[in-house]
Amino acid sequence: MTFFMPFVFVLSGVFLSTTVNAAQLSSSNGVEFLVINGTKAEKYAKGAHKSIELAPGEYQVIARFEENLKRGSSNTLFTSKPYVFNIKIQESDLLLSVPNMKMHSHAAAFFSDPSWTLTQLSTQHKTPISSVELVGSGFGAFSNMEKAVAYHNEQQGIFLYQEKMQDLKEGSVAQGALTQKSEPSTQLKFWYNKANDEEKKAFQRWIISQDG
């Protein structure tokens, strides 16, 4: 018996190439990157939790807010829950941010229903960006962020692939491509068009065997 379920494909890894124009994804106002396409940000490069160079493509980015904020007469560390973003990188540098907050109570109120902003730095054009709170499983769920993200992706039907994909238009390495949830026929067309001739033939043979 064969079971089908909705799914999302994410090609994992940050791939940089001299044949493509990379862009900088940065954060401000206490925002930090935790995981990018399934891998801890700090594993990519020093300082990648605040700024990282990415080749064009779509990325799954997990970020949170952490800052010492005023609470009464002293400062207290405020740490938000991690949030999941799908961010499309083109050729313009981007900045992920939240409003500048000084008070612990302001941050607590803001993160009851946060509104994150993505700014295109070349034009200073600001747009809201949707996010999903990363829900952990059990005590100490976020002590291993990669594991927590893997659990989230499994629950949401998101599959990460540690591989490069050839961009058919540019003739260069495609970088962190992300396909959104869609109809199975759309997913099949997407991967079929990315396959080489031998893979297409093997797929066609498999289709014939299934029909039989």
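The values are calculated or read from the model by the stated rules, or taken from the named source; none is laboratory data. Only a predicted model underlies this, so the values are computations on that prediction, with no experimental measurement involved. Don't worry about glycine lacking a Cβ; one is built from the backbone with ideal geometry, like all the others, and counts go over all protein chains shown.
Details
- Among residues of the stretch 30-58 that are in the same structural domain as M101 (by TED's automatic domain parsing) and closer than 19 Å to N144 by Cα, those with a beta-carbon under 6 Å from a residue that is at pLDDT below 90 and of a type in the set (S, T, N, Q) at least six positions away or on a different chain give the pairs N37/S12; G38/S12.
- Checking K81, K102 one by one, the residue that is exposed (fewer than 13 other Cβ atoms within 10 Å of the Cβ) and either at negative phi or within 19 Å of the chain's Cα centre (by Cα) (or both) is K102 and no other.
- Lone qualifier among E32, E58, E42 - being under 25 Å from H152 (Cβ atoms) and at pLDDT 95 or above: E32
- Residue that is surrounded by the fewest Cβ atoms within 10 Å (Cβ to Cβ) [pool: residues in the stretch 21-43 that are in contact with a strand residue (DSSP E or B) (Cβ under 6 Å, 6 or more places away or on another chain) and more than 27 Å from A108 (Cα to Cα)]: Q24
- Qualifying positions in the stretch 78-129 - of a type in the set (S, T, N, Q), in contact with a strand residue (DSSP E or B) (Cβ under 7 Å, 6 or more places away or on another chain) and closer than 25 Å to Y151 by Cα: T79, S80, N86, S115
- Being aromatic (F, W, Y), in the same structural domain as N153 (by TED's automatic domain parsing) and more than 19 Å from N37 (Cβ to Cβ) holds for only one residue in F110, F85, and it is F110.
- Check on Q120, loosely packed, with under 11 Cβ neighbours inside 10 Å, farther than 17 Å from Y83 by Cβ and in the same structural domain as V31 (by TED's automatic domain parsing): no
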